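Worksheet: one structure, shown below.
None of the figures in this text is laboratory data; all of them are computed from the coordinates on show. In this text, all values refer to a predicted model and were calculated from it rather than measured experimentally. A quick note on method: Cβ atoms are made from the backbone with ideal geometry, for glycine too, and the neighbour counts reach across all protein chains shown.
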Amino acid sequence: MDVNQEERVQELANVLSNLQLNHQSGQQKTNHLSNKINSIKVDLNTIKLTLQDVTQRLLSFHHQLLNFQLQPSVPQAFSDVSVMTHASFSGNPKEINKFLYFIKDRLVEVEARFPNEKSKINWVVRHFQHSNGNISETAPSYLWWISVLRENARTQNLPSKSASAEDPYVLPCLVSMRSFLSHLEEVFADSNLLCSP
């Protein structure tokens with residue numbers, strides 16, 4: 001063989017050798033990529049199963065929520081607070097300070113037993129009687145209370161002649177126990193204001 005031919009054979013051998021190396025390298029890459037793809041498939045399958053499980057649990061929870069029934073709330077029991085026999089108020093201005101003391105003192109102990117401010121006010125009014133326990137329509141405290149109820153009814157465009165403690169309380173002096181007692185003291189401490197609700 002001549003030198004030219006030998007060089008060609010050598011070149012051809014080199015090219016074939018490179019092709020074989022490139023083929024092996026390509027095959028390794030293909031195998032590696034194939035393994036990666038299979039690993040990703042396994043991961044995706046695991047994610048799919050997890051999502052199916054989560055979806056199933058959410059659907060189950062949703063179904064439970066749809067069928068959930070709230071237990072009716074147990075109404076809080078408010079016990080009646082009895083009238084204090086030693087604390088009455090006829091409307092005599094001399095009685096007001098003692099009366100307010102007994103009322104406020106008792107409220108400290110029993111305030112939580114009243115469902116609202118209105119019931120507290122109504123409890124106080126149940127003490128509007130003579131010191132001997134007689135309830136009289138002529139007692140200034142009773143007459144004042146009736147005038148307050150009538151004014152409360154007029155404010156709401158309700159018939160004032162049939163005003164009662166059942167009507168909603170909207171007057172400023174009936175908004176809270178504190179405002180009621182303040183107004184009561186203000187009115188009866190100055191006997192000139194007895195007719196003012």
Original post:
Dipole of segment 75-177 (Lys/Arg Cβ +1, Asp/Glu Cβ -1, origin at the Cα centre): which of Val110, Leu143, Leu100 lies farthest to the positive side?
Top reply: Leu143
Original post:
Can you list residues whose amide H is under 5 Å from Gly91's amide H, if they're 5+ apart or on another chain and H is modeled 1.01 Å from N?
Top reply: Ser141
**OP:** Rank the residues Val15, Val187, Val125, Val175 as a footprinting-exposure proxy: fewest other Cβ atoms within 10 Å of their Cβ go first.
**Re:** Val15, Val175, Val125, Val187
**OP:** Can you tell me the dipole magnitude for segment 85-197 around its Cα centre, using point charges on the Cβ only (Lys, Arg +1; Asp, Glu -1), in Debye to the nearest 20?
**Re:** 120 debye
Original post:
By the gyration tensor of its Cα atoms, with a ≥ b ≥ c the square roots of the eigenvalues, what is the shape of segment 93-193: rounded for a/c under 1.5, prolate for a/b over b/c, or oblate?
Top reply: oblate
Subject >> Environment charge of Leu100, counting only residues whose C-beta is closer than 14 Å and scoring Lys/Arg +1, Asp/Glu -1 >> reply: +2
